[in-house]
Amino acid sequence: ACPKGPTVIWFRKSLRIHDNPTLQLATQLASQLYPLFILDPYYINPEKIGFQRFRFMLECMKDLDNSLRKYNSSLLVIYGEPVTVLENCYRTWNFSYLCFEKDTDIYSRNRDKKVLERMKELGVQCFLESGHTLYDLDVLVGWLNGKSPPTQMTSFLKLIEQVGPPPKPIEITCNIPPLTIDMIGSMKVSNVPEIHEIPGYEFIAVPTTCPFQGGESQALERMQQVVKREQGNWVVTFSKPNTSPTSLNPPSTTVLSPYIKCGALSVRLFFWELKKVEDCFSVKTKPPVSLIGQLYWREHFYLLGYTIPHFDRIQDNPLCKSIPWEYRQDWFQAWEEGQTGYPFIDAAMTQLKQWGWLHHLTRHVVACFLTRGDLWISWEKGKEVFEKYLIDGDWSINAANWMWLSCSAFFTRYFRVYSPVAFPKKYDPHGNFVRYFLPVLRNMPSKYIYEPWKAPLKVQKDANCILGKDYPFPIVNHEEMKKRNIQKMIQVFQNKSL
Ligand code: FAD
C-alpha cells in the first residue's frame with residue numbers, strides 16, 4: 001500500500017466516472033487529485049481529426065467536467081506535447097503519483113513509454129490500469145502462451161471461452177477529492193474549450209448537425225434505451241446481418257460506438273447489461289451476430305492491433321496481403337467528396353462528413369468501392385479518411401475492417417462485390433436515404449434514384465437535376481471495374497505478380 005500523495009489522473013479515453021478503474025485507483029492514492037486532459041498537438045489538427053469527431057470528444061470532456069464539478073473538482077485542460085506538459089505540471093504540483101489507462105495503438109504506446117521514462121527520472125510513480133476493453137489485453141496475451149493471436153472469430157471465441165467471462169464493472173465508490181485554486185498555483189490551465197477556440201478549428205464551417213451528442217450522461221441514457229427496447233426483445237433478437245444500413249430514424253444498430261470509443265461508456269458495463277437481458281430469455285441470437293458478439297469483434301480487433309506489428313499499414317504487417325493497389329487522385333477525391341456519380345456511395349460519404357457515423361454495411365459498401373470493388377485504391381487511403389471523420393474512429397477496429405473489406409486479411413471471397421445500385425435497392429427501394437443526404441436528387445423518380453444517368457433528359461429536367469451539371473456522371477462503369485478487379489484478385493490470390 002502506498003502512502004497518500006498528490007496524484008494526477010491523466011484522462012485520454014475513459015471520459016467517464018462509472019466503471020473507471022484508473023479513477024478509482026487515483027482517488028485511493030490521492031491526498032490531492034488533479035484531473036488532467038492534455039490536448040496533444042499531434043492530434044489537434046483539422047487535417048487529421050475532423051470537426052464532428054473533435055466536437056464529440058469535447059462534449060465528452062465537458063460532461064466529465066460537469067460530473068467532476070459535483071465533487072468540487074474539474075477537468076484541467078492543457079495544450080501541449082504530453083511529456084513537456086507533465087514535466088511542467090510536476091514542477092508546479094510536485095505530484096507523487098500519475099495514473100492513466102493502458103492504450104494500445106502505436107502512437108499512444110510510444111508516447112506512454114516516453115512519459116514513463118521521464119516520470120521515473122523525476123521520481124513519480126506511475127500506475128497503468130486496463131479499462132477500455134472487456135479484458136485486460138495483457139491477460140489475454142498471457143492466455144496465448146506464446147502462440148500467435150487468433151485471426152478468425154471462431155478461434156477467438158474459443159480463446160475467451162477458456163478465459164471465462166470478462167470482469168464485472170466496478171461499483172461507483174469514488175470519492176473524488178476537491179480541487180482548489182491554491183492547488184493549481186501558477187500552472188496555466190483552462191476549462192474544456194469550445195471547438196472554435198482551438199487553433200486550426202476557428203474557421204471551419206459547421207457541418208449539418210449530427211444527431212449524436214457526446215458525453216457519459218448521453219451514453220448511459222442511450223445504453224438504457226437499448227437494453228429496455230421492446231422489453232429486451234430487441235437485444236435478444238439482434239442479428240447484425242439483418243440490420244438495415246439505410247434506416248436513419250432510428251438507426252437499426254445501437255450507435256454506441258462513439259461513446260465506447262471515447263470511453264464515455266464502459267464496454268464492460270454494456271456487456272454485463274446485455275448479459276442481464278440475455279439471461280431472462282431462453283431463445284437468443286449468439287455471437288458473432290448478437291450484440292455481445294459485436295463487442296467480441298471489437299475485442300478481437302483490439303487484441304490483434306495490440307499484438308500484430310504495424311497493424312495499421314501494409315508494409316511489415318504480417319497479416320496483410322500486399323496487393324498492388326494503384327492511385328488516381330481524381331478518383332480518390334471524387335470518392336472522399338461524395339462525387340462518384342453513384343448516389344448511394346455519395347450519400348454515404350456525405351453522411352460520413354455530416355454525422356461522423358455510418359451503419360456497418362454502409363461502411364462495407366464504400367470501402368469495397370474504393371478498394372477491390374471499383375477504384376482499386378489502397379485501403380490505407382480509405383482508412384485515413386474514416387479516421388478523420390468518424391466520431392467512433394478507432395485505430396485497431398478501423399484498420400482491421402479496412403483490411404477485411406479489401407480482402408487484404410480475414411476475408412477472401414473477393415468475387416463478392418457490393419453493387420452500389422442493387423445493394424441499397426434491397427433496403428430502400430425509394431432511395432429515401434439518398435434523398436436525405438443528397439438533396440440534389442430529391443425529386444428523381446425512384447426508378448432512377450440509384451442510376452440517375454439512365455434517366456431521360458426530360459425526367460432529369462422535371463427532377464431539376466441535370467446529369468453532368470447538377471450531379472456528376474459515374475466516374476467508372478461499376479460492372480466493368482468489378483470484372484477487371486476480380487481478375488486482378490485472382491492473380492493476387494494465385495500469388496502471381498500483376
Ligand atoms: P452495433 O452493431 O450496435 O455494435 C455494438 C458495438 O460493437 C459497437 O458500438 C462497436 O463498439 C462494436 N462493433 C460493432 N461492429 C464491430 C466491428 N465490425 N468491429 C469491431 N467492433 C464492432 N467501428 C468503430 O468503432 N470504429 C471504427 O473506426 C470503425 N471503422 C470501420 C471501418 C470499416 C471499413 C468498417 C466496415 C467497419 C468499421 N467499424 C468501426 C465497425 C462497425 O462498423 C462499427 O463499430 C459499427 O457500425 C458502430 O455502430 P453501432 O455502435 O451502432 O454498432
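Structure values in brief
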read-out: In region 336-356, residue farthest from the ligand (Cβ to nearest atom) [restricted to those that are assigned to a loop (DSSP other than H, G, I, E, B) and surrounded by fewer than 24 Cβ atoms within 10 Å (Cβ to Cβ)]; value: G341
read-out: Unmet criterion (only one of (1) out of contact with any Phe, Trp or Tyr (no Cβ under 7 Å at 6 or more places or on another chain); (2) of a type in the set (S, T, Y); (3) farther than 30 Å from P6 by Cα) for Y201; value: (1)
read-out: In region 136-164, the residues that are of a type outside the set (S, T, N, Q), out of contact with any Pro (no Cβ under 9 Å at 6 or more places or on another chain), in contact (Cβ under 8 Å) with a residue 12 or more places away in the chain and assigned to a loop (DSSP other than H, G, I, E, B); value: P149, P150
read-out: Pairs with Cβ under 9 Å, 6+ apart, first in region 376-387 and farther than 12 Å from S406 by Cα and in a helix (DSSP H, G or I), second more than 12 Å from the ligand (Cβ to nearest atom) and among the basic types (K, R); value: E384/K48; E387/K48
read-out: Where V283 falls short, out of the listed (1) within 30 Å of Q213 (Cβ to Cβ); (2) among the β-branched types (V, I, T); (3) open to solvent by 30 Å² or more (accessible area, probe 1.4 Å); value: (1)
read-out: Test result for I38, in contact with a Phe, Trp or Tyr (Cβ under 6 Å, 6 or more places away or on another chain), open to solvent by 10 Å² or more (accessible area, probe 1.4 Å), within 22 Å of G215 (Cα to Cα) and not basic (K, R); value: no
read-out: Filtered residues of region 134-148 (kept if open to solvent by 20 Å² or more (accessible area, probe 1.4 Å) and over 30 Å from S73 (Cα atoms)); value: D138, V139, V141, G142, W143, N145, G146, K147, S148
read-out: Residue among L274, L265, L269, L220 that is open to solvent by less than 20 Å² (accessible area, probe 1.4 Å), in a helix (DSSP H, G or I), closer than 22 Å to L134 by Cβ and among the hydrophobic types (A, V, I, L, M, F, W, C); value: L274
read-out: Selection count, region 410-425, where residues are free of Cβ contacts under 8 Å to residues at least 40 places away in the same chain, of a type outside the set (A, V, I, L, M, F, W, C) and closer than 20 Å to Y342 by Cβ; value: 2
read-out: Test: residue in region 366-376 that is near the ligand (Cβ under 10 Å from one of its atoms), aromatic (F, W, Y), open to solvent by less than 10 Å² (accessible area, probe 1.4 Å) and closer than 24 Å to R313 by Cβ; value: no
read-out: Tally, over region 200-217, of residues that are open to solvent by less than 70 Å² (accessible area, probe 1.4 Å) and in a loop (DSSP other than H, G, I, E, B); value: 8
read-out: From Q294, Q315, residue being polar (S, T, N, Q), open to solvent by 10 Å² or more (accessible area, probe 1.4 Å) and more than 22 Å from the chain's Cα centre (by Cα); value: Q315
read-out: Residue list for region 225-246, restricted to those being within 24 Å of K388 (Cα to Cα) and among the hydroxyl-bearing types (S, T, Y); value: T246
read-out: Cross-chain or 6+ apart pairs with Cβ under 7 Å, region 246-263 first and on the phi > 0 side of the Ramachandran plot, then at pLDDT 95 or above and near the ligand (Cβ under 8 Å from one of its atoms); value: V255/W357
read-out: Which numbered condition M349 misses (of (1) more than 20 Å from the chain's Cα centre (by Cα); (2) free of Cβ contacts under 8 Å to residues at least 24 places away in the same chain); value: (1)
read-out: Within region 377-389, tally of residues that are within 11 Å of the ligand (Cβ to nearest atom), in contact with a Leu (Cβ under 9 Å, 6 or more places away or on another chain) and either open to solvent by 10 Å² or more (accessible area, probe 1.4 Å) or aliphatic (A, V, I, L, M) (or both); value: 2
read-out: Test: residue in region 311-321 that is within 16 Å of H132 (Cα to Cα), of a type in the set (D, E) and within 14 Å of the ligand (Cβ to nearest atom); value: no
read-out: Residue tally, condition of a type in the set (D, E) and either near the ligand (Cβ under 10 Å from one of its atoms) or under 17 Å from Y296 (Cβ atoms) (or both), over region 252-280; value: 2
read-out: Breaking point among (1) touching an Asp or Glu at 6+ places or on another chain (Cβ under 8 Å); (2) assigned to a loop (DSSP other than H, G, I, E, B); (3) within 16 Å of the ligand (Cβ to nearest atom), for D392; value: (1)
read-out: Sole residue being open to solvent by less than 10 Å² (accessible area, probe 1.4 Å) and among the hydrophobic types (A, V, I, L, M, F, W, C), chosen from L64, L25; value: L64
read-out: For E216: the one exception among (1) at negative phi; (2) at pLDDT below 95; value: (2)
read-out: Selection status of E336, of a type in the set (D, E), under 20 Å from the mean Cα position of the chain (by Cα) and at pLDDT 95 or above; value: yes
read-out: Residue in region 406-427 that is part of a helix (DSSP H, G or I), within 9 Å of the ligand (Cβ to nearest atom) and not basic (K, R) present; value: no
read-out: Conditions (1) within 28 Å of Q52 (Cβ to Cβ); (2) more than 10 Å from the ligand (Cβ to nearest atom); (3) not hydroxyl-bearing (S, T, Y): number failed by G232; value: (1)
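The values are calculated or read from the model by the stated rules, or taken from the named source; none is laboratory data. As the structure is a computational prediction, the values presented were derived from the model and not from experiment. All Cβ positions, glycine included, derive from the backbone under ideal geometry; neighbour counts span all protein chains shown. Accessible surface is based on the protein model in full, side chains and every heavy atom, while ligands, DNA and RNA are left aside. Shrake-Rupley method; radii C 1.70, N 1.55, O 1.52, S 1.80 Å.
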